[in-house]
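The values are calculated or read from the model by the stated rules, or taken from the named source; none is laboratory data. Since we're looking at a predicted model, the values are computed, not measured. Neighbour counts run over all protein chains shown; Cβ positions are idealised from the backbone, glycine included. Areas reflect the complete protein model, heavy atoms only, side chains present, ligands, DNA and RNA absent. Shrake-Rupley method; radii C 1.70, N 1.55, O 1.52, S 1.80 Å.
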Amino acid sequence: MAIADRRLRERTARRRLITATARAVAEREGWDAVTTRRLSAEIEYSQPVLYKHFASMEDIVEAVALEGFGELAETLRTARGGAGEPGEVLARVAHAYSSFATEHPALYDAMFTRATRLRFGAEDTPAPLSAGFAELRAAVASVAGGRDVGTLTEVLWAALHGLTTLGHNARLRPGRESERIELLVAQFTMPAPEP
């Protein structure tokens, strides 16, 4: 049993090394620079060793994205914790989301822009994806009033993603990120309209 445990630990460590290296190269040079040949050279494993762990580059990107979703969920959980009025908590969560995307552009790209098989809102949605959405949802629920929490959360997420993507691609005026988020959050904290 000890040999099997050791092999499993080694295999897990190699997988982590591959994804960490892919992520580091992508953050430095973009995802186009991440190839199996490049990863092999960086970590000093042959390409066949890489393929024992990941069938394709898409699988590597997907593994990096899953790690990112776990990190984003933790970031949002931390932002949601602590004292404050519901609107303040939502603002902290929105700012944390934006900061995460800004600080990790290649990771964010793997999570939300590059093609993967990861699906939200499905029976087989991986736990890290659901956890991140759940953190957003919990922050939105505190300001939802009688409105549909799921739909409001999707709208917040879509708006944050849009602001993030447009900002990352220099399509918005620089230096206004915080102001935009505050305006967005204000839309969620206004009382629901009378039916």
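Ranked by the mean number of other Cβ atoms within 10 Å per residue, highest first, peptides 30-36, 63-69 order as 63-69, 30-36. Each part gets one Cα centre, and for region 83-129 versus region 47-61 those centres are 25 Å apart. Between Ala186 and Thr125, the C-beta separation translates, for a Förster distance of 25 Å, into a calculated FRET efficiency of about 0.25. Projecting each Cα onto the charge dipole of region 1-126 (Lys/Arg +1, Asp/Glu -1 at the beta carbon, about the Cα centre), which of Val89, Leu39, Thr116 comes out farthest on the positive side? It is Leu39, whose Cα lies furthest towards the positive end. Taking the Cα centre of region 52-150 as origin and assigning +1 to Lys and Arg Cβ atoms and -1 to Asp and Glu Cβ atoms, the resulting dipole is close to 140 debye.
Normalise the Debye intensity by I(0) for the chain, one equal point scatterer per Cα, no solvent, then take log10 at q = 0.18 Å⁻¹ and round to two decimals. Calculated log10 I(q)/I(0) at the listed q: -1.20.
Take the solvent-accessible surface of the protein heavy atoms, probe 1.4 Å, and return the percent of it on region 113-195 that carbon and sulfur atoms account for. C and S atoms contribute 57 percent here. Using a Gaussian network model of the chain in which every pair of alpha carbons under 10 angstrom is joined by a spring, one finds that among Thr19, Thr165, Thr78 the greatest mean-square fluctuation is at Thr78.
Using DSSP to call loops (not H, G, I, E or B), can you name the trypsin sites (Lys or Arg not before Pro) in region 103-195 whose Cβ has at most 11 other Cβ atoms within 10 angstrom?
Arg117, Arg119, Arg171
Stretching Arg114 away from Asp32 to a fully extended chain increases their span by 28.4 nm, per 0.36 nm per residue minus the current alpha-carbon distance. Placing a pseudo-label 7 Å from each Cα along the Cα-to-Cβ vector at Glu179 and Asp5 gives an inter-label distance of 5.9 nm.
The helix-based estimate of mean residue ellipticity at 222 nm for the chain, built from -39,500 (n - 2.57) per DSSP H run of four or more residues and divided by its residue count, is -24000 deg cm²/dmol to the nearest 500. Its alpha carbons give region 103-195 an Rg and a Dmax of 14.9, 43 Å.
Residue separation of Val155 and Ala13 scaled by 0.36 nm, minus their Cα-Cα distance, works out to 47.3 nm of gained length. Expressed per residue, the C-alpha convex hull volume of region 142-195 stands at 83 Å³.
The angle between the Cα long axis of helix 57-80 and the main principal axis of the chain comes to about 40°, on a 0 to 90 degree scale.
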